[in-house]
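Quick notes on the structure that follows.
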Amino acid sequence: MQRRIRRRYAAERRFRLLGLAAVTISAGFLAFLLWTMLSNGLAGFSRTEVRLPLNFAAMNLDVTPDQLGRRGADLALAGAGLQNAVGAAAVEAFGAEGERYISDSAWVTVREAVKDDPSLLTKQATITVPASSDIHTAATEDATPETEAAAAMLTQRGALTSGFNWTFLTGADSTDPTAVGIWGALKGSFLTMLVTLALAFPIGVLSAIYLEEYAPRNRWTDLIEVSINNLAAVPSIIFGLLGLAVFLGTFNMPRSAPIVGGVTLALMIMPVIVIAGRNAVKAVPPSIRDAALGVGASRIQVVFHHVLPLALPGILTGTIIGMARALGETAPLLMIGMRAFISTAPDDLTSPATVLPVQIFLWSDQVSRGFVEKTSAAIIVLLMFLLAMNALAIYLRNRFETRW
């Protein structure tokens, strides 16, 4: 007997050690993931700029301040050779390699400054422009000796400055890693999630109430329940193929639009909402229904005045978890064309758009080193959104949960 007791105690100790090891390994992988994302992504929220002296009067630009008001300023400045003039000014200011110290989009910053103050065309000015990806890397982390020497030279001359990268939060996609932003993808994600919630939540909740409260118990109901459970486990790319064939191929809906992405994702998370809704409705004690019926309430009053309010916390929790899953999906949206290069934020539900996970996928496929930190920074933003949605689910559950 003593040996059997010792064996049981030893088995319990081994089980506890295995459980502790599993938790420790999981926490280690999570810490490694967060450390990798933070170490690579925090630099994406910073911006390195170069103070570039410009002598507009000596550039011989074929445009005057008065002409900027009579025709398109963008076309006028581009046609006047402003881009080449900015590159030449960088060479004159910083040497033969000076043009490599500024971003490809530096002339756009100069163009916007001239549009705001056309009188700059007649005088000298110093304008702060984005630094190139190599200079930014040298200013934030280790780089090649030549690039670090160039960054040190710019710093010694007081031409290099750093600050928070507001463009990353307010801009859209670009071919230049120093000018990219996530606002276009964030707005596309918001519009897509809005369509998803507007379709999936009411249909899913009403389906759950009908199946749990009104549907007769027969083979057809059992078939529907099995189908819903199977749909919840279908790979997401299958829903992308469905959206491609039905919404784009049959109904000719606009390609790469938030409304198509929202409808596709709504089909994907609807089984999750139905299952969560049924479990929440089933958890309401039968005594609530009996008491309401006993005082003369109708069946629909019982459901919508008593059962649904008590089941709502569980329904909302399942809905938010489903929405969080939809927010991180990429495969179904790639199938319906939401991987196009979108340089402006969408205006409405039918405008071309992309979403944050797809934007991360596209940036990760770029060969430029400057996109590495932008990809990690976008992942940090996406994780913050997912954590916020999960925290909201926990709050709603604790705030409205009823203890029986």
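The numbers here are math on the coordinates, done by the rules we state, and not lab data. Note that the structure is predicted; figures quoted are calculated from it, not measured. Backbone-built Cβ (ideal geometry, glycine too); neighbour counts: all protein chains shown.
A run of the chain free of exposed loop cleavage sites, with GluC sites (Glu not before Pro) counted only in DSSP states other than H, G, I, E and B and at most 14 other beta carbons within 10 Å, reaches its longest extent at 142-400.
For the chain, which span is the longest to avoid every loop-located (per DSSP) member of trypsin sites (Lys or Arg not before Pro) having at most 12 other Cβ atoms inside 10 Å?
Here the longest segment lacking exposed loop sites spans 218-402.
Distance between the pseudo-spin-label points of Phe190 and Thr350 (7 Å out from Cα toward the beta carbon): 2.2 nm. A helix-only calculation puts the chain at -20000 deg cm²/dmol for mean residue ellipticity at 222 nm, using -39500 (n - 2.57) for each DSSP H run of at least four residues, averaged over all residues. Here region 328-404 is treated as an ellipsoid with the same Cα gyration tensor; its semi-axes, largest first and in whole Å, are 31, 17, 11. Projecting the Cα atoms of Ala179, Tyr101, Phe29 onto the charge dipole of the chain, computed from C-beta unit charges around the Cα centre, puts Phe29 farthest toward the positive end. Exposure proxy ranking for Val110, Val302, Val281, Val180, based on other Cβ atoms within 10 angstrom of each Cβ and starting from the fewest, stands as Val302, Val281, Val110, Val180. Separation of region 377-397 from region 243-284 is 21 Å, based on Cα centroids. In order along region 319-331, the Karplus-derived 3J(HN,Hα) couplings, from 6.51 cos²θ - 1.76 cosθ + 1.60 at θ = phi - 60°, round to 5, 5, 5, x, 5, 5, 5, 5, 4, x, 7, 10, 4 Hz, and Gly and Pro are given as x.
Residues in region 28-37 carry Karplus couplings, in order, of x, 5, 5, 5, 5, 4, 5, 5, 5, 5 Hz; the curve used is 6.51 cos²θ - 1.76 cosθ + 1.60 with θ = phi - 60°, and Gly or Pro positions show x.
The Kirkwood radius of the chain, taken over pairs of alpha-carbon atoms, gives through the Stokes-Einstein law at 25 °C and 0.890 mPa s a diffusion coefficient of 95 µm² s⁻¹.
Computed from the alpha carbon positions, the gyration tensor of region 183-400 leads to an equivalent ellipsoid with semi-axes of 37, 20, 14 Å, biggest first. Relative to 2.2 N^0.38 Å, what does the C-alpha radius of gyration of region 2-42 come to as a ratio? Two decimals please. So region 2-42 has a normalised radius of gyration of 1.96. Remark: region 47-164 carries a charge dipole of roughly 480 debye about the Cα centre, counting +1 on each Lys and Arg Cβ and -1 on each Asp and Glu Cβ. Roughly how big is region 2-42's charge dipole about its Cα centre, with Cβ charges of +1 (Lys, Arg) and -1 (Asp, Glu), in debye to the nearest 20? Dipole about the Cα centre, nearest 20: 700 debye. Each of Phe304, Phe251 has some number of other Cβ atoms within 10 Å of its Cβ, and from fewest to most they run Phe251, Phe304. Extending 7 Å from the Cα toward the beta-carbon at both Arg299 and Met153 defines two label points whose distance is 8.4 nm.
Relative contact order for the chain: what is it in percent, counting Cα pairs under 8 Å that are at least 6 residues apart? Averaging sequence separation for qualifying contacts and normalising by length gives 20 percent for the chain. The phi-based Karplus calculation (6.51 cos²θ - 1.76 cosθ + 1.60; θ = phi - 60°) puts the 3J(HN,Hα) values of region 223-234 at 5, 5, 5, 5, 5, 5, 5, 6, 5, 5, 9, 5 Hz, whole numbers, x for Gly and Pro. Taking each residue as 0.36 nm, the span from Ile203 to Asn84 lengthens on full extension beyond its C-alpha to C-alpha distance by 37.1 nm. Straight-line cross-link partners of Lys187 among the aspartates and glutamates, defined as a Cα under 19 Å from its Cα and at least 8 positions apart when in the same chain: Asp173, Glu329, Asp347, Asp348. Given +1 at the Cβ of Lys and Arg, -1 at the Cβ of Asp and Glu and no other charges, the dipole of region 110-161 around its Cα centre is 380 debye to the nearest 20.
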